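In what follows, a structure is listed as structure tokens, so that the remarks can point back to it.
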Amino acid sequence: MLSVASSLDGYIDDMTPDRLLLSNDADFDRVDRVRAESDAILIGAETVRRDNPRLMLRSEERQKARAAQGKPTNLLKVTVTRSGNIDPAARMFHHHVEAGRPLVYTTVDGGKKIGDDLREVAEIVELADDELFWESLLDDLGNRGVGQLMIEGGTHIHTAILAADLADELHYVVAPLLVGQAGAPRFVNPASFPGGSRRRLGFIDAITLGDVVVLRYRPKSVSSEGTDQ
Ligand SMILES: NC(=O)c1ccc[n+]([C@@H]2O[C@H](COP(=O)([O-])OP(=O)(O)OC[C@H]3O[C@@H](n4cnc5c(N)ncnc54)[C@H](OP(=O)(O)O)[C@@H]3O)[C@@H](O)[C@H]2O)c1
């Protein structure tokens, strides 16, 4: 499941060093609920470097509810890197890691660049650097018992997952901001998406939360019944 918040003009951040908050409190609570229903959460290495999120559940009630179901109170945390340039002190490796050591997926070359300090706080998983990278990553997570993975960006990750036709759901929040900075990150980069520019994604629903709208779609070009949408 892909989750993103975008400005009205299609940007997911601005050019300032501080993280741009696009959602409102009601929507952050919705995201927290969806996180609580998930088994793992994934972000790209650049989002780790820029935003340094903890990737934890905000609500103690939801943490307790997960514990009552026999689940870890927080989700398994996952990131991906080719460069190996991830600070072992990043907050995702130290806050609320009840689900076990976070996972860092990388390529075989990337594995050579990862030092012992990152290996101490995370499990490093090396995959072939080919077009099956993302399928292999999802298969590996599935083998670890992850049924629902929440992918929270950024641009490169969302682009890769959509181009590989691997997302069952897209939760796209439209926030009433105009960023207006050409160099700011967008939801996705140019790519060859399945079906091209004429294919319409399957619509699930739209809900309004205060001043934001949450649009939910089924992005896969082939539905689970095996028919083209
Ligand atoms: N509004 C929102 O909902 C939202 C959510 C999340 C993030 N964001 C924003 O998105 C921006 C970051 O987006 P981004 O596109 O620059 O970065 P990103 O998608 O967070 O991370 C990209 C990085 O992931 C690694 N990677 C990607 N594909 C890989 C592969 N196949 N194998 C191994 N590693 C791979 C690489 O890391 P290395 O460079 O280490 O090799 C790559 O540079 C930030 O401004 C952040 O604030 C916004």
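From the P(r) of the chain, could you give the percentage of C-alpha pairs in the tail past 28 Å? So the portion of pairs separated by more than 28 Å is 30 percent. Annotation: aspartates and glutamates with alpha-carbon distance below 19 angstrom to Lys113 (same-chain offsets under eight excluded): Glu46, Asp87, Glu123, Glu126, Asp129, Asp130.
From the alpha carbon centroid of region 39-102 to that of region 141-202 is 20 Å.
Cross-link reach is defined here as a Cα-Cα straight distance under 12 Å, omitting same-chain residues fewer than 8 places apart; for Lys220 the aspartates and glutamates meeting it are Asp165, Asp168, Glu169, Asp228. The modelled label-to-label distance for the pair Ser197/Ala128, using points 7 Å beyond Cα in the direction of Cβ, is 3.4 nm. Cα to Cα, under 20 Å, and not fewer than 8 places away if on the same chain: which aspartates and glutamates meet these conditions relative to Lys64? Hits, sequence-local ones excluded: Asp29, Asp32, Glu37, Asp39, Glu98. Within the chain, no helix built from a complete DSSP H run reaches 24 Å or longer along its own axis (Cα positions) while carrying a mean Kyte-Doolittle hydropathy of 1.6 or higher.
Coordinate-derived values only; no laboratory data. Here the structure is a predicted model, which means the values were calculated and not measured. Please note: Cβ atoms are built from the backbone with ideal geometry, for glycine as well, and neighbour counts cover all protein chains shown.
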